[in-house]
Structures are given as structure tokens and as C-alpha cells.
Amino acid sequence: MAGTDETAGPGNPADDRNPEDVEQSRAPLLEHLIELRKRLLYSIVAFALVFVGCVLVAEQIYAFLVQPLADLLQDRQDPRLIFTGLAEVLFTQLKVAFFAALMISFPVLASQIWMFVAPGLYRNEKKAFLPFLVATPVLFFAGAAMAYYVVFPFAWEFFLSFESPGAAEGVAIQFEGKVDEYLSIVMRLIFAFGFSFMLPVALVLLGKVGLLTSDGLKARRRYAIVFVFILGAILTPADPFSQVAVAVPVLILYEVSILIIKAMEKQRRRR
């Protein structure tokens, strides 16, 4: 009869579903949400605890970041950094604590993400993705260490070379660095080098799922060179040393990624 819902009725299988079965089908989603909330809570608590600890030693962390500049200014009578706002130093120390806590607590965050995702992966998938999870913070800290120990001394010396004592009738040009501006350029370089060093992780992951091939990366090598130098110019200050210091390691890691993907392709063909 018109207007009658043929799917309704006591004899229809759709009406014979047990309410408990419907609730059980919803249970996995609810369990995943509860698990996700737990992992997020652990990550937030870990970050908050590390942040509080970093706030207590923020002055020492900032002094560590300033050390490369202090080594270049040690021959001066009164080496210093200035601040022009009443709360500038306070907010700078909070930023220092935030960035430090973010980097220190990243392994905890990564482990929580892994613990949430791992139960849904097969054993071979776990073996495939676990090395990338371990390599990510290692490569990031390697890039940050290169920025601090290699790039900072040369970059600061380059910038300080623009000082001018001034003639008798002229005006001297002398460096008077600001507290917050120094932190800004330091963290910009650290994150630029850290994320640049993580390039092999991204490329190899894309190669593992079949979105990239070693031949494709070889064919796009010239574009990669141009892109890396442009990226170095954007992420670093306008000195050639910093740009080259970013570009050269990234290009080396690009070639390493090609070799790793090629080895994976050979292993896949053997299988």
C-alpha cells in the first residue's frame, strides 16, 4: 500500500536487531575516544610538568642560547642585551620555557601517539613505522645542535661585521641587541634546522606507502635543489652562510632518502 514503509514490521530483519548488539557496535568508537582522551591528557600533563620545570630554569636556558653571542662579545667592555618593554624579559623567559618544554616533552607526545595507533596496526606495520618514530626526535635534535654549534657562531660573526666605529664627524654603528629579538631569531634557526633534518622521515614514509619512488626523486633533483635554497632563504636570516648551512645538509639527506627508498624497492621486488 502506498505510504507504507515496507522496511517496517515485526517480520523484517531490521526490526529483529537486539539493542545490545547495537550498543556493542558503538562501543569500539567510544573506547577509541576514551583512549584518545587519555593519551591527550597524559601528553598535556607531561608538557605542563616540563613547562613548570623549564620556567624555573628559564634564565639559565636563555643564558645557554646567548652563549655563542657572548663568546663573540667577550672582548667588549660592556657586552649586553637590552629590553625596551617592562614585561619583555618576563614574556621572553616564558617563551623560552615554552619552546624548551615543547622540545623536551616531544618524545612523550610521540610515544602517546604511538600507543594510541599501535593496537590497530599489524606486526609488520609496527616494525615498519617504529623506526620512523624513533628517528624523528633524533633528527630534529641533530638539526638543532648543528644550528647552535655550527651556524650560530658564523652567523653572529657575519652580522656583527656590519658594525662601524664611525669617523670623527660620523655616527658609530654599534650592536645593541634586544632580548626578545634575539630569542626570535635563535628559535627560528633552531626550528628551521630541526624540521629540515626530518626530511628523510617524510620522504621515506611516502616512499614506503608507494607515493614516491627513487626514480621520481632523482628526476626531480634539480627542482629540489632550487626549492631547498628558496626554503633556506625564507627560514633563515639574510646571510649566505645560514642559507647554505641549511641547504647542503638537506640536500645530503635528500640523497640519503633516495638510497633508502631504492633499497626498500629492491626488497619489495624480492618479496
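Against the conditions (1) buried (at least 16 other Cβ atoms within 10 Å of the Cβ); (2) within 20 Å of the chain's Cα centre (by Cα), where does T92 fall short? Just the number, please.
(2)
For A142, indicate whether it is over 17 Å from the mean Cα position of the chain (by Cα) and hydrophobic (A, V, I, L, M, F, W, C).
no
Among the candidates P13, P19, single out the residue that is modelled with pLDDT under 50 and not assigned by TED's automatic domain parsing to the domain that holds S111.
P13
If we scan segment 161-175, do we find a residue that is touching a helix residue (DSSP H, G or I) at 6+ places or on another chain (Cβ under 7 Å), farther than 17 Å from A145 by Cβ and part of a helix (DSSP H, G or I)?
no
Out of G210, G194, G216, which single residue is under 31 Å from the mean Cα position of the chain (by Cα) and under 30 Å from A58 (Cβ atoms)?
Just a single option satisfies the conditions, and that option is G194.
Consider only pairs whose beta carbons are under 8 Å apart and that are at least six residues apart or on different chains; among these, list those whose first residue lies in segment 26-52 and is over 14 Å from P107 (Cα atoms) and whose second residue is surrounded by 12 or more Cβ atoms within 10 Å (Cβ to Cβ) and of a type outside the set (G, A, S).
Hits for this filter: E35/F116; L36/F116; F51/F98.
Within segment 150-207, work out how many residues are hydroxyl-bearing (S, T, Y) and either surrounded by 15 or more Cβ atoms within 10 Å (Cβ to Cβ) or within 30 Å of Q267 (Cα to Cα) (or both).
Here the count works out to 2.
When segment 52-86 is examined, which residues are found to be surrounded by fewer than 15 Cβ atoms within 10 Å (Cβ to Cβ), modelled with pLDDT under 90 and either under 21 Å from the mean Cα position of the chain (by Cα) or over 25 Å from V150 (Cβ atoms) (or both)?
The answer is Q77, D78, R80, I82, T84, G85, L86.
Quick check on this structure: which one of S214, S242 is of a type in the set (S, T, Y) and modelled with pLDDT of 80 or more?
S214 is the lone residue from the list that is of a type in the set (S, T, Y) and modelled with pLDDT of 80 or more.
The values are calculated or read from the model by the stated rules, or taken from the named source; none is laboratory data. Only a predicted model underlies this, so the values are computations on that prediction, with no experimental measurement involved. Glycine also receives a Cβ, built like all others from the backbone with ideal geometry; neighbour counts cover every protein chain displayed.
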